Structures are given as C-alpha cells and as structure tokens.
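K.L.:
Have a look at the structure that comes next, please.
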Amino acid sequence: MGLANSDHTTLLLNTYTKLKDVSRLDSFIKTESKRSDLAAAGDGDYSEKQQELPFDLDTAIRVCRQAGYFDHASYLAKKYDRHEDYLRIQIEDAGNYKLALAYLRRLGPETVSCFLEPLMRSADGLVFQGRDQPRKIRAGNA
C-alpha cells in the first residue's frame, strides 16, 4: 500500500488545485514510485504491481480531472498505462481527438478493441473530427 490513502490524496491535490500551485502539483504528480524490495533486488521487471505509489492513482486522476488539470490527469493515466482513463480525458474533457487517435494507434489492434466501442458511444465528436481514422483503427491498420 502507498504512503497516502485516497483521503490524503484528495485533500492534498484539492489544496494544490484550489491554490493554483502548479509547481507543487507538478512535483507531487511526478513523484516517482517506490520499487518493492523484490523489484529492487534485481530481475529488472518493474511491473505496475511492483510499484508502490506515494499516492492513490485513481484519486489523483479523478481530482485532477475535476479541477480541470487535464494535462496532469492525462500524464498520470499515460504513465501508468491507464488507457481508458487517458482516452476519456482526451476525448471527454480536453476534446483532443487527434491525441486520442494517435494514442489508439500506438496501442495496437488487440488493445484498441477493448476500448474503442465504449469510447465511441461517448465520443460522437471523434467520428466527426477524423472520419477515416476510426475506420482504420477498427480495421487493424494501426
């Protein structure tokens, strides 16, 4: 378990966002995870399960989104492979359809198939912003 629970993370991030203290928010968000003793011992495989974050990731993404700090929320989602969160931030919050499509292309067809249908239901603008691109992704031409 990380150093901070959901309540700690919420309180701290709400304080930074309300004060518009971007430098402290940046510092907190970009805090490196601690490696478990097993991972530090040396097989070199640092999977998400072996990382111990100093904050609650779900809460950090949620609070940043609610406060309008979409760059911070998307940074966390992308860094920790929270694909659906990243795509929802780009599409629903920031309206960055091109970034969402570029991200989907990098994920590959197998991964995309898990996310595309639910996101298409909530992202009508995605189809209109890049008419050819969603078809290419579904066809597996990533």
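K.L.:
Specify the residue that is nearest to ALA67 (Cα to Cα); the eligible residues are those in the range 1-53 that are modelled with pLDDT under 65, assigned to a helix (DSSP H, G or I) and within 17 Å of the chain's Cα centre (by Cα).
P.N.:
GLU48
K.L.:
Now for a separate question. For the subset of the range 93-108 comprising residues that are of a type in the set (D, E, K, R) and over 15 Å from the mean Cα position of the chain (by Cα), which member is nearest to ASP81 (Cα to Cα)? Spell out the reasoning first.
P.N.:
The initial filter retains those residues of the range 93-108 that are of a type in the set (D, E, K, R), namely 93, 98, 105-106.
In the following step, the residues that additionally are over 15 Å from the mean Cα position of the chain (by Cα) were identified as 98, 105.
Values: LYS98: 19, ARG105: 14 Å.
Looking at the filtered set, the residue picked out is ARG105.
The values are calculated or read from the model by the stated rules, or taken from the named source; none is laboratory data. Keep in mind it's a predicted model, so treat the numbers as computed, not measured.
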